[in-house]
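To start, the structure under review is shown below, and the notes come after it.
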Amino acid sequence: MKSLAELQAIKDKTNQELGTVEKRVLVGMATCGIAAGASPVYDVLANGVQGDLAKTVSVKQTGCVGICQYEPVVEIYEGDKRTTYVKMTAEKAQKVLEDHIKNGKVVYEYTIGANN
Amino acid sequence: MTCSNDKMVAGASLNETEFFKKQTRVALRNCGVIDPCNINEYIARDGYAALGKVLTEMSSEDVIQTLLDSGLRGRGGAGFPTGLKWKFAAANADDQKYVCCNADEGDPGAFMDRSVLEGDPHVVLEAMAIAGYAIGATQGYIYVRAEYPVAVERLQLAIKQAREYGLLGKNIFESGFDFDIDLRLGAGAFVCGEETALMTSIEGKRGEPHPRPPFPAKSGLFKKPTILNNVETWANIPQIILNGADWFAGMGTEKSKGTKVFALGGKIKNTGLVEIPMGTPLREVVEEIGGGIPGGKKFKAAQTGGPSGGCIPAQHFDVAIDYDNLIAIGSMMGSGGLIVMDEDNCMVDIAKFFLEFTVDESCGKCTPCRVGTRRLLEMLDKITKGQGTMQDLEEMKELCLYIKANSLCGLGQTAPNPVLSTLNYFYDEYVAHVKDKRCPAGVCKDLLSFTIDKDKCIGCGLCARNCPVNCISQTDYVAPGHKLASYVIDSSKCIKCGACMANCKVGAISKK
Ligand SMILES: Cc1cc2nc3c(=O)[nH]c(=O)nc-3n(C[C@H](O)[C@H](O)[C@H](O)COP(=O)(O)O)c2cc1C
C-alpha cells in the first residue's frame with residue numbers, strides 16, 4: 001500500500017460493487033453458527049445463487065451477530081431493509097431461496113419476529 | 001400480515017428487537033456485517049484508514065496522546081489505561097520492541113474475543129500495526145489458543161491478505177515504517193493468558209508466570225520492551241483514531257469510557273454477545289437486553305469476571321456497570337463473562353465450580369496457589385457434603401486472604417474471589433449447609449432428600465420404573481380416593497438423580 005489514495009480507490013471500488021448487489025445474503029459462519037449447522041445452509045444458498053441471479057444477489061459468509069440461541073442465522077440486506085432468518089436448516093434455506101431471494105417474498109415464519 | 005416487496009415486514013429484522021436496539025457496537029461493528037475472509041469488505045468499512053492516518057498525519061506522540069485522551073482501558077480484565085501502557089513502552093529505548101495480542105481467552109464460557117477474531121480479524125492487525133508505530137516496534141505476535149481453529153484460519157488468511165496489499169511488511173504507506181505479525185498457538189492453559197506466562201510461552205518455554213517488576217513495557221518478550229493488549233481492546237483502537245478521542249470519551253462513565261462486550265449466559269432468555277455502553281445498569285442488561293429470566297424465576301445474582309471475579313447480588317441489581325463500580329461491590333469487570341443466576345442456583349456450589357477450575361489450571365509454580373486453592377476446594381467440598389463446621393467458614397476466609405496476598409501471579413491472587421464474594425453476600429447459605437445440613441437451592445446432592453407424599457401419590461409406578469437404582473417400592477397404603485397403593489423411596493439407596501420427580505405426573509415428589 002503506497003498511499004491513502006490507493007486505499008481510497010479500493011474502498012470506492014468495493015463499495016461500488018456492493019452497491020450493484022440488490023440482495024446481500026449473509027450466513028453467520030463463526031464457530032457458533034458452524035456448530036449449529038450453518039455449513040449446509042450456506043451450501044444451499046451459494047449453490048442456488050448462480051448464473052444471472054448471481055449478478056444481483058451475493059451470498060457471503062460472515063461472523064457472529066451475537067444471537068446464540070437462534071443460530072444458524074441468515075440475514076438478507078436489500079438497501080436499508082434487513083431480514084433476519086433464524087434457526088435455519090437446509091430445507092428452510094431452500095424455501096428462502098425460492099420465495100425471498102428469487103421472488104421477493106419474505107418467509108415470515110422463519111424470521112426472528114416469528115421465533116421470539 | 002402482508003409481505004410486500006419493498007416494505008419492511010414487522011418483526012422480521014434483528015434491528016427491531018430489544019436485544020439489539022439497546023446495544024452500541026464499536027468493537028463488534030463489523031461482526032455479522034462483513035465477510036471476514038475478504039479484506040476489501042473491511043476496507044470498504046473504513047478499514048486500514050486509521051493506520052493510513054497514523055502513518056501519514058500523526059506522530060507517535062499524537063497517537064499515544066489520543067489514546068490517553070480517549071480514556072480507553074484494557075478489556076482483558078485489569079482495566080489498565082491503554083495509552084499509559086503504550087507511553088511506558090515508547091519511553092524505553094531499545095533496538096527491538098514487540099507488540100502482542102492476547103487472544104488466549106481462558107475464562108470458562110467467554111467467547112467475546114473469538115467472535116471478534118472470527119468476524120473481523122483485520123481490525124486486530126490494523127490496531128497492532130498502529131501500536132507498533134506508536135511505541136517503535138516492528139514485530140507483532142498474536143497468541144491465540146489452538147482450540148479456536150476457525151479464528152486461527154481467518155487470522156492466517158487476514159495476515160496473508162494484508163501482506164499482499166502491503167498493509168503489513170516493509171515501508172507501509174511509504175512512511176518508512178515496517179511491521180509484521182505472526183501467530184503463536186497456545187495449548188489452552190488458563191495461566192497462559194497472564195501476561196508474563198503468555199510471553200514465556202511465546203518464547204517457546206513452559207508457560208509459567210514470573211514476578212513483576214520488571215513490567216513487560218520495560219522487559220517483556222525476549223527481555224525487550226513489549227506491550228500486550230486484549231483482542232477487544234485492539235478492536236476499539238482504529239475507531240478511536242478515526243473518530244477522535246472525544247467521540248470515544250463521550251460514551252460511558254467518568255472513569256470507564258466506551259463500550260464493553262459481554263457474553264451473556266446462565267438463567268437468561270437471550271443468551272449471546274452484547275455490546276453496551278459502560279455505565280449501563282445491570283438490571284437493564286438482564287431484563288431488557290437479556291429478556292429476563294425464564295420461567296418467572298427470581299434474579300439471585302450475576303457472576304462477572306469469571307474465575308477471578310465475584311457475584312453481584314440482587315441488592316446491587318441497579319449497579320451501573322463499569323470497572324470501579326464492580327470492584328466496589330466485590331466483583332470485577334473481567335474480560336466479559338456475565339452469568340445470570342436464579343433462585344435454583346446454590347452459591348456454595350458456584351464457588352466450588354470456579355475453584356475446581358482454578359485448581360485444575362494452577363500452574364503449580366508457587367505454593368500459595370498450588371496448595372492453597374486445593375485446600376480451599378476441599379473445604380468447599382466438605383461444606384457441600386454437609387460435613388463443614390463453622391470453624392471451616394472462618395478458616396476459609398483466612399486462607400482466601402492468604403492466597404490472595406502471597407500468590408505469584410494474578411491467577412492465585414484472584415482465585416479466592418468467587419469464594420470471598422459469596423461468603424460476603426450469601427453467608428446465610430453457607431451457614432444453612434453447615435448448621436442445618438441443608439442446601440436452600442436444592443442443588444448439593446448430599447444434602448438433598450426426595451420424598452413421596454403418600455396422599456398425593458396415585459400409585460401409577462412411573463417413578464419406580466424410572467429409578468435407575470431401583471430404590472422405590474410400593475407400600476400397602478392406599479390414600480383416600482385413590483385406587484392404587486402409594487410408593488416410597490428408600491433414601492439409603494437413593495442417588496438423588498431426580499428422575500422420579502421429573503417423571504411424576506401428579507407432583508407428589510418433592511426434594512428438600
Ligand atoms: C490467570 C490470568 C488469565 C488471564 N487471561 C487473559 C485472557 O485470556 N485474555 C486476556 O486478554 N487477558 C487475560 N489476562 C490479563 C492479562 O494478563 C493482561 O492484563 C491483558 O491481556 C492486558 O491487556 P489489556 O490491557 O488490553 O486488557 C489474564 C490474567 C490472569 C492473571
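The values are calculated or read from the model by the stated rules, or taken from the named source; none is laboratory data. Keep in mind the model is a prediction, meaning the values are calculated, not measured. Positions of Cβ are backbone-derived with ideal geometry, glycine not excepted, and every protein chain shown enters the neighbour counts. Side chains are part of the model used for accessible areas, which takes the heavy atoms of the whole protein and leaves out ligands, DNA and RNA. Shrake-Rupley method; radii C 1.70, N 1.55, O 1.52, S 1.80 Å.
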- Assuming R0 = 22 Å, what is the FRET efficiency of B:LEU183 and B:ARG206, from their Cβ-Cβ distance, to the nearest 0.05? 0.65
- Net length gained if the chain between B:SER473 and B:ALA328 were fully extended (0.36 nm per residue, minus Cα distance): 46.8 nm
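Tell me the relative contact order for segment B:195-336 as a rounded percent, counting alpha carbon contacts under 8 Å between residues six or more apart. Walk me through the numbers on the way to the answer.
On the way: 205 pairs, mean separation 20.8, N = 142.
Computed over segment B:195-336, the figure is 15 percent.
Mind checking the per residue accessible area of segment B:259-342 for me, 1.4 Å probe, whole number of Å²?
Details: 2350 Å² over 84 residues.
Averaged over the residues of segment B:259-342, the accessible area is 28 Å².
First measure r as the distance between the Cβ atoms of A:ASP43 and B:GLU61, then evaluate 1/(1 + (r/R0)^6) with R0 = 51 Å and state the FRET efficiency to the nearest 0.05.
Details: r = 52 Å, r/R0 = 1.01.
After rounding to 0.05, the efficiency reads 0.50.
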- Task: Mind checking the full-extension length gain between B:GLU394 and B:GLU147? Use 0.36 nm per residue of separation minus the Cα-Cα distance, one decimal, nm.
- Result: 84.9 nm
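Per residue of B:113-124, count partner chain C-beta atoms within 10 Å of its C-beta, then hand back the mean as an integer. Could you put the intermediate results ahead of the total?
Values: counts 0, 5, 7, 3, 3, 9, 8, 2, 1, 0, 0, 0.
That works out to 3 on average.
Between chains B and A, what is the buried accessible area summed over both chains (1.4 Å probe, protein heavy atoms, nearest 100 Å²)?
For B against A, buried area totals roughly 3800 Å².
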- Task: Please work out how many pairs of lysine residues in chain A are eight or more positions apart (or on different chains) and have Cα atoms closer than 14 angstrom.
- Result: 10
- With label points set 7 Å from each Cα along the Cα-to-Cβ direction at B:ASN466 and A:LYS55, the distance between them in nm comes to 6.1
- Query: Can you work out D for segment B:30-249 in µm² s⁻¹ from Stokes-Einstein, where Rh is the Kirkwood radius over C-alpha pairs, the temperature is 20 °C and the viscosity is 1.002 mPa s?
  - Reply: 126
- Query: Given the rule -39500 (n - 2.57) for each run of at least 4 DSSP H residues, summed and divided by the residues of chain A, what is its mean residue ellipticity at 222 nm, to the nearest 500 deg cm²/dmol?
  - Reply: -11000 deg cm²/dmol
- What whole number of Å gives the distance from the Cα centroid of segment B:286-356 to the Cα centroid of segment A:5-40? 36
- For segment B:1-129, what is the convex hull (Cα atoms) projected area averaged across all directions, in square nanometres? 11.8
- Item | Solvent-free Debye scattering, log10 I(q)/I(0), computed from the Cα coordinates of segment B:283-410 at q = 0.10, 0.11, 0.21 Å⁻¹ | -0.37, -0.44, -1.28
- Listed residues B:GLU153, B:GLU254, B:GLU361, B:GLU232 arranged by accessible area, highest first, probe 1.4 Å: B:GLU254, B:GLU153, B:GLU361, B:GLU232
- Query: What's the tally of Lys pairs in segment B:347-435 whose alpha-carbon atoms lie under 22 angstrom apart, where the two lysines are 8 or more places apart or on different chains?
  - Reply: 12
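When all alpha-carbon pairs of chain B are counted, what percent fall beyond 38 Å? Present the calculation step by step, with values, prior to reporting the outcome.
On the way: 47795 of 130816 pairs.
Roughly 37 percent, once rounded to a whole number.
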- Set Lys and Arg Cβ to +1 and Asp and Glu Cβ to -1, take the dipole of chain B about its Cα centre, and tell me which of B:ILE472, B:CYS192, B:THR367 lies farthest positive. B:ILE472
- Considering the options B:GLY250, B:ALA10, B:THR56, tell which one lies farthest towards the positive end of the dipole of the protein assembly as shown, charges being +1 on Lys and Arg and -1 on Asp and Glu at the Cβ, about the Cα centre. B:ALA10
- Query: When the label point is put 7 Å from the Cα of B:LEU84 along its Cα-to-beta-carbon vector, which residues of segment B:211-227 have a backbone N closer than 16 Å?
  - Reply: B:213, B:215-218
- Message: Only four residue types carry charge here, +1 at the Cβ of Lys and Arg and -1 at the Cβ of Asp and Glu. Report the dipole size of chain A about the Cα centre in Debye, rounded to the nearest 20.
- Response: 140
- Query: Across peptide B:47-56, how many C-beta atoms of other chains are within 10 Å of each residue C-beta, on average?
  - Reply: 3
- Taking only the alpha-carbon atoms of segment B:210-321, the convex hull volume per residue, in cubic angstrom, is 153
- Length released on extending from B:LEU484 to B:SER449, taking residue separation times 0.36 nm less the Cα-Cα span: 10.2 nm
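Summarise the accessible area of the protein assembly as shown (1.4 Å probe, protein heavy atoms) by the percent that is carbon and sulfur.
Details: 12780 of 25340 Å².
Result for the protein assembly as shown: 50 percent of the exposed heavy-atom area is carbon or sulfur.
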- Task: Specify, per residue and in Å³, the volume enclosed by the convex hull of the alpha carbon atoms belonging to the protein assembly as shown.
- Result: 173
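Let me have the relative contact order for chain B, percent, based on Cα pairs under 8 Å that are six or more residues apart. Present the calculation step by step, with values, prior to reporting the outcome.
Details: 1032 pairs, mean separation 65.5, N = 512.
Result for chain B is 13 percent.
Tell me, what is the FRET efficiency for B:ASP318 and A:GLU91 to the nearest 0.05, using R0 = 45 angstrom and their Cβ-Cβ distance as r?
Details: r = 46 Å, r/R0 = 1.01.
Computed FRET efficiency for B:ASP318 and A:GLU91: 0.50.
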- Message: Restricting to DSSP H runs of at least four residues, report the calculated mean residue ellipticity at 222 nm for chain B, -39500 (n - 2.57) per run over all residues, nearest 500 deg cm²/dmol.
- Response: -11000 deg cm²/dmol
- Item | Proximal lysines relative to B:LYS87, as straight alpha-carbon distance under 26 Å, when same-chain residues fewer than 8 apart are discounted | B:LYS53, B:LYS97, B:LYS170, B:LYS218, B:LYS223, B:LYS224, B:LYS255, B:LYS257, B:LYS260
- Message: At 7 Å along Cα-to-Cβ for each site, give me the label-to-label distance between B:ARG375 and A:ALA114 in nm.
- Response: 6.2
- Per residue, accessible area of segment B:34-182 with a 1.4 Å probe, heavy atoms of protein chains only, in Å², comes to 32
